[in-house]
1. For region 359-384, which positions are surrounded by fewer than 19 Cβ atoms within 10 Å (Cβ to Cβ) and farther than 24 Å from TYR142 by Cα?
2. Working only within region 128-170, note down all residues that are in a helix (DSSP H, G or I), in contact (Cβ under 8 Å) with a residue 24 or more places away in the chain and aliphatic (A, V, I, L, M).
3. Of a type outside the set (Val, Ile, Thr), within 20 Å of the chain's Cα centre (by Cα) and farther than 29 Å from ARG364 by Cβ: which single residue out of GLU273, GLU229, GLU281, GLU215 fits that description?
4. Which of the residues spanning region 304-333 are closer than 23 Å to THR116 by Cα, in contact with a Gly (Cβ under 9 Å, 6 or more places away or on another chain) and touching a residue at least 40 places away in the same chain (Cβ under 8 Å)?
5. Give the residue that is farthest from CYS148 (Cα to Cα), with candidates limited to residues of region 282-302 that are crowded, with 24+ Cβ neighbours inside 10 Å and of a type in the set (Gly, Ala, Ser).
6. When both residues are 6+ apart or on different chains and their Cβ atoms are under 7 Å apart, which pairs have a first residue that lies in region 107-127 and is more than 24 Å from LYS201 (Cα to Cα) and among the basic types (Lys, Arg), and a second that is modelled with pLDDT of 90 or more and not in a loop (DSSP other than H, G, I, E, B)?
7. Test of understanding: among TYR271, TYR259, which residue is in a helix (DSSP H, G or I) and either touching a residue at least 40 places away in the same chain (Cβ under 8 Å) or of a type outside the set (Val, Ile, Thr) (or both)?
8. If ILE301 meets every condition in (1) out of contact with any strand residue (DSSP E or B) (no Cβ under 7 Å at 6 or more places or on another chain); (2) part of a loop (DSSP other than H, G, I, E, B); (3) over 23 Å from MET241 (Cα atoms) apart from one, which number is that one?
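The values are calculated or read from the model by the stated rules, or taken from the named source; none is laboratory data. Not measured: the values here are computed from a predicted model. Note: ideal-geometry Cβ built from the backbone for every residue, glycine included; neighbour counts use all protein chains shown.
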Amino acid sequence: MNIAIMSETFGLGGAQRAALLLGENLMNEGHRVIFFEIVTRHKDFFEPKAEVVKIRIDKFGSDDFVPYLQYFRQAIRIRKEKSKHKIDVCISFMELCNLLNVMSRYNEKVIVSCRTVLSIRKELKGFEFEKKVIRHFYNKAYMVVSVCEATKSDLISNYDVLERKIKVIPNPAVIRNATDIDEWEYGQKAIVCVGRHTPVKQFDRVIKAFKYVAERSDDARLLFVGDGEIRGYLEFVARKMGVDQKVIFIGASNHVGYYLSNARAFVASSYVEGFPNAMVEAMAYGVPVITTDSPGGCREIVGRKKESATIQYCEYGIVVPYMVGKASRRILLDEHEEELGKAMLGILEDDSLYFHYRKKSFERALYYSTDRLMKIWNSIIESE
């Protein structure tokens, strides 16, 4: 079967990585996979291991009518590529590609995927994010893949996408290459965050929470693996909080597994998260996870069962209260940052708690195994 995977430029985002993993797994199953790379201004970080068709487009404005014509012109180009490569199934990732995928359909099976809780992402602007656009075009797709139940509920409640059109398929927990790149120099109490340095991740609040830890544990370290437009700001926050000697910015890395395999804990702090690849990847290494109670997949992964204003010790991980809004400019921690700090310190200092959640992380990673999730993908791809 000829399968196209359509994604924006393969940068540092989790969606792009998920697209690559799906393509690689489909190739391993004997399909011919072609990546349709919708080239925006971002630079590639990941390299697809298959044929790549680059389609350069410009981002458009938000006028009600003109953008439709502009997108339609781009869709004609993509339709020609689909026809040229005799595509049987085209799977798209994220909203721009989802719109172009549906608009460019000729006779192939069109599958679109939603990777976040869109209604909360107020900062996302453009024609492809408008409710009437999503409602119209997503309902024309063969199937809409949602990465978690929260995303599915959001599509139904806020965008009127038909429930029968939606299938929940999380991202797999994978073991990345953990080859040592250097002798580990961050000790036995390293807390790791992985992701793009963007406001949605709220890493500034993790740094503030870490101040609580650093004042009580001399050998604790906080590592950020990734990069992004607010890295300079995060470095400033670390200096301002007086923890810059204990907060390490690794930068973008092809050796994420090396840092996860040596971590004592993993922290997720986004104000909204579709399905955090890095969290389940950390679990695959047996790393205990701590997450804020944000809308999206994090709370589903750790098995949160009740609302609470305090630290929750859930079945597969630890949940702290939801943090939303910009971090205070004051050095003093707010109550939620302090709760996160207490949770981080607990997993560093309490060995029984650490080993309990280490075991639970391994268990949860099995649920998100590639084999199990690929069976669900195949049931959609191969269905009549």
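1. LYS359, PHE362, GLU363, LEU366, TYR367, SER369
2. Matches in region 128-170: VAL133, ILE134, ALA150, LEU155.
3. Every option except GLU229 fails the conditions.
4. Result: TYR316, GLY317.
5. Checked region 282-302; the qualifying residue farthest from CYS148 (Cα to Cα) is ALA282.
6. LYS109/VAL89
7. Of TYR271, TYR259, the one residue that is in a helix (DSSP H, G or I) and either touching a residue at least 40 places away in the same chain (Cβ under 8 Å) or of a type outside the set (Val, Ile, Thr) (or both) is TYR259.
8. (2)
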